[in-house]
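Okay, so here's the structure we're looking at.
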Amino acid sequence: MIVRSDAVPSAARGSGRVRGSAVLAGLRVWVPSPILLAVPVVCLVSLASVVLLVASGPATWERVLAHQNMWIVAVGPGFVGAVAAYIAVTERRAGPAVNVRSVAPWRRTLAGSCVLGWWMLVFCSTHVGTAFLAYAVIGERTAGLGEAFRDTATLAWVCVLGGTAFVVLVRLVGEATGFGGALVATLLLVVAGATTAETRLWPFVPSAWQIRPTLSLIGTHANGEALNGVVISGSVVAVALSLISGTALVLARAGVSARSDSRMRRMPSGGRVVETSLGAAASGGPTARPRRGSLGILDRMPAAALRGSGLLVLTALAIVTVGWLRRYLEPGETATVFALLVLPLGCSVLPLIAVSRWRRGARGIAIRPVSVRKHARRLIAAESLVLTSAVAGSVFVIGPGFVVGLRIGVVFVVFGMMLLAFGTFLTSSVGLLPTLLVAVAGTIAGVLVGGNDGLRSAFGMYVPWAWAGNLDTGALIVTIPVALTAAAVFTALSVRSLASSTSAMK
């Protein structure tokens, strides 16, 4: 492929209209996008929360507000992280088309942050709005509808304004690392915010600035327990810190991007012709041919595709996160958090990264006489190795003892293989965004059901994402065989789907 810097159309070089409409252009692109699929998922999560509310007691306005805790602490940031990951990976693929436009990088950063803020407002308004409508229809009138509507609007805006710094951070990480980094950053920020929102460290943790101002509004602690008259101060300060810090991050990014853009404009390359390795490969040059007598890198394609993917870094981050939780929680509680949050999210992120990178390499084998199914099986084996390493390291950090740790580790690997195979099948068959939405929704359902004794005994068998959190022998007798069978079935379907999509590239 030959690229000439003087080949950029003049209209794309200098357009004040494009520069002045970066935010509006971003909204035009991403508002009518597949991200709209997340809105029905938010509604389903809200309806599930309402059903649990009605099933557990009277639908008073105080209880309706208290049931917003899970959304504010974990679910809402999780959806924003998923959207940030999707936008990041999509814009990376469209990078060459975007870079020829005369929109400065800092303007794209500002536009992306505004777009994420818009989606945060949409998601939060949808969630609390659904709860308000449910209260208006079936709730007990412990508060007037006018007061309830005012509380709903206040909660939505405080959540969005307090999450400004969180949105910008996730956006910057997504720009730098793609969807894997964005999701890991979201996980770390959610855990940090939940554990520090009511401690002396909250002024130094951006994700706590979103949680702390809302606690007084919903009447609960970050862990979901009622405040019972406890006053949580600093709401205005938290919102101000979030707004100021978010703005400062955007301006800092703007300065760095402006200097980088200025250096690029001063480069004396002019209209120099640049020959890339991709161009050599496309033109049938030496780089496009395998070594004589073997297929060379194609024989090791899964390993080569995953090299530099950041999976080792993600594994280390998962273990470090577990070690951090272990400082605040008992071994059993840490194991539960790992089973219900870290494990399902990790088993969703892993195939997203692996399948995406594998497909890039698969274009090289689509027209060669090699076994695509063999490479697909190797890819799944590589995913399984990463999963086993993460579980082993996490269980070692939890430290429940060798015998108990071995039993827990085997159980976690079995359920992880089930979720991993399912995630690989979804990613290879329906794409990135649906897989992200299913992952977030399933993890949420697992946390809601698996984290409550009553709900776990009533509905735990129907939510596979909650199975790893129930280590009772009676439950394992049923869930282990089902998980093994599901893992085998979805692995076979994944191999078939990957092979079919690769063959279609011919």
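Please specify each residue of the range 144-185 satisfying the condition of being over 22 Å from Ala248 (Cα atoms) and aromatic (Phe, Trp, Tyr).
Residues satisfying the conditions are Phe149, Phe179.
Can you find, within the range 170-181, the residue that is surrounded by the most Cβ atoms within 10 Å (Cβ to Cβ) among those that are of a type in the set (A, V, I, L, M) and touching a Gly at 6+ places or on another chain (Cβ under 8 Å)?
Val170
Of the residues in the range 9-51, how many are open to solvent by 40 Å² or more (accessible area, probe 1.4 Å) and either under 23 Å from the mean Cα position of the chain (by Cα) or modelled with pLDDT under 80 (or both)?
Residues that pass the stated criteria total 26.
Report the residue count in the range 170-215 for those that are of a type in the set (Asp, Glu) and more than 24 Å from Glu91 (Cβ to Cβ).
Residues in the range 170-215 being of a type in the set (Asp, Glu) and more than 24 Å from Glu91 (Cβ to Cβ): 1 in total.
Among Ala439, Ala458, Ala466, Ala445, which is the only one that is outside the structural domain of Trp71 (by the TED database) and at pLDDT 85 or above?
Exactly one of Ala439, Ala458, Ala466, Ala445 is outside the structural domain of Trp71 (by the TED database) and at pLDDT 85 or above, namely Ala466.
Does the range 220-243 hold any residues that are open to solvent by 30 Å² or more (accessible area, probe 1.4 Å) and part of a loop (DSSP other than H, G, I, E, B), and which are they?
His221, Asn223, Gly224, Glu225, Asn228, Gly229, Val230, Val231, Ser233
Using beta carbons and a limit of 8 Å, which pairs, at least six apart or on different chains, have the first residue in the range 379-394 and without any contact (Cβ under 8 Å) to a residue 40 or more places away in the chain and the second one aromatic (Phe, Trp, Tyr)?
Correct list of pairs: empty, since none qualify.
Only one residue in Arg101, Arg92 is open to solvent by 20 Å² or more (accessible area, probe 1.4 Å), at pLDDT below 70 and either outside any helix (DSSP H, G or I) or in contact with a strand residue (DSSP E or B) (Cβ under 7 Å, 6 or more places away or on another chain) (or both), so which one is that?
The match here is Arg101.
Can you say whether Gly423 is open to solvent by less than 40 Å² (accessible area, probe 1.4 Å) and of a type outside the set (Val, Ile, Thr), as far as the supplied structure shows?
When the stated conditions are applied, Gly423 passes them.
Considering each of Gly193, Gly246 in turn, give the residue that is in the same structural domain as Arg63 (by the TED database) and over 25 Å from Glu62 (Cβ atoms).
Gly246
The values are calculated or read from the model by the stated rules, or taken from the named source; none is laboratory data. If you're wondering where the values come from, they're calculated on a predicted model, not measured in any experiment. As a convention, Cβ positions derive from the backbone with ideal geometry for all residues, glycine included, and neighbour counts pool all protein chains shown. Surface accessibility is based on the protein's heavy atoms, side chains included, excluding ligands, DNA and RNA. Shrake-Rupley method; radii C 1.70, N 1.55, O 1.52, S 1.80 Å.
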